[in-house]
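Novice: Have a look at the structure that comes next, please.
The values are calculated or read from the model by the stated rules, or taken from the named source; none is laboratory data. What you see is a predicted model; the values in this text were computed from it and never measured. Cβ placement follows ideal geometry from the backbone for every residue including glycine, while neighbour counts extend to all protein chains displayed.
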Amino acid sequence: MVTVTPVQPVFYYDLGTPACYLVAERIMTALPVVPEWEPVLGSAIGVDDTVIDRESLRRQAAEEGLLPLRWPAVWPPDARVATLAAAYAKQIGRAVAFSLACFRQAFAGGRDLGDEDTVLIAAAACEMHPTAVLRGIQLRSVSDALARANERALGASVSTLPAIAIGDELFEGGRAVEAAAEALGALT
């Protein structure tokens with residue numbers, strides 16, 4: 001009997017996008033294969049997340065048993081520094097923990113992702129030293145890694161976030177997890 005190992009999914013997300021937060025909270029348990037977390041800047045790949053259905057997102061969060069959504073005072077958020085920090089976190093093996101902490105600061109805590117303190121609070125929650133994070137986000141290798149992630153998202157034809165790529169298949173939007181789980185179930 002030949003065992004086929006499924007392709008590792010890639011989860012493309014923007015830290016300033018509440019739909020990405022909702023997917024991030026359930027993706028690790030919903031997929032039969034651990035995905036690669038790939039932070040991107042929606043604005044860099046042409047995704048416009050400025051118009052959102054807050055009521056629908058609020059209902060979805062409640063249905064999933066999450067804390068009520070709290071919207072940051074600054075909307076839409078400037079998540080560039082947070083996303084650079086997520087790219088740095090990925091390099092040191094903390095992308096999932098850091099990204100979840102950032103999402104929770106923004107959408108459960110209502111904090112501004114453009115505020116460096118919010119990023120450092122999220123970093124502290126997953127044991128990343130503040131000085132290392134501040135230095136990390138200034139590294140050319142980190143900004144290059146983020147640029148490459150944006151290019152990969154464009155190459156995968158991502159037009160909506162969140163998005164999950166499995167090989168050549170792309171699943172986008174709030175129900176991407178369910179579609180990806182179904183596709184992975186068919187592959188295993």
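Novice: Which residue, of V51, V96, is touching a strand residue (DSSP E or B) at 6+ places or on another chain (Cβ under 6 Å), among the β-branched types (V, I, T) and surrounded by fewer than 22 Cβ atoms within 10 Å (Cβ to Cβ)?
Specialist: Checking each option against the conditions leaves just V96.
Novice: For the stretch 41-67, which positions are farther than 22 Å from T160 by Cα, in a loop (DSSP other than H, G, I, E, B) and either among the small types (G, A, S) or touching a helix residue (DSSP H, G or I) at 6+ places or on another chain (Cβ under 7 Å) (or both)?
Specialist: G65, L66
Novice: For G167, are the conditions met, namely being closer than 30 Å to L57 by Cβ and at pLDDT below 95?
Specialist: Here the answer is yes, as G167 does meet what is asked.
Novice: Restricting the stretch 76-102 to residues that are outside any helix (DSSP H, G or I) and within 21 Å of R148 (Cα to Cα), which is farthest from the chain's Cα centre (by Cα)?
Specialist: I92
Novice: When you scan the stretch 159-174, do you find a residue that is touching a residue at least 12 places away in the same chain (Cβ under 8 Å), of a type in the set (A, V, I, L, M) and in a helix (DSSP H, G or I), even just one?
Specialist: Within the stretch 159-174, none of the residues are touching a residue at least 12 places away in the same chain (Cβ under 8 Å), of a type in the set (A, V, I, L, M) and in a helix (DSSP H, G or I).
Novice: What are the pairs with Cβ atoms under 7 angstrom where one residue, in the stretch 111-122, is farther than 11 Å from G16 by Cβ and of a type in the set (S, T, N, Q) and the other, located anywhere, is surrounded by fewer than 22 Cβ atoms within 10 Å (Cβ to Cβ) and at pLDDT 95 or above? Sequence gap at least six, or different chains.
Specialist: T118/D112
Novice: Hey, L41 hits all of (1) surrounded by fewer than 20 Cβ atoms within 10 Å (Cβ to Cβ); (2) within 19 Å of D144 (Cβ to Cβ); (3) out of contact with any strand residue (DSSP E or B) (no Cβ under 6 Å at 6 or more places or on another chain) but one; which does it fall short on?
Specialist: With respect to (1) surrounded by fewer than 20 Cβ atoms within 10 Å (Cβ to Cβ); (2) within 19 Å of D144 (Cβ to Cβ); (3) out of contact with any strand residue (DSSP E or B) (no Cβ under 6 Å at 6 or more places or on another chain), L41 is out only on (1).
Novice: A further question follows. Give the residue that is nearest to the chain's Cα centre (by Cα), with candidates limited to residues of the stretch 103-144 that are surrounded by fewer than 17 Cβ atoms within 10 Å (Cβ to Cβ), among the polar types (S, T, N, Q) and not in a loop (DSSP other than H, G, I, E, B).
Specialist: Top of the filtered list is S143.
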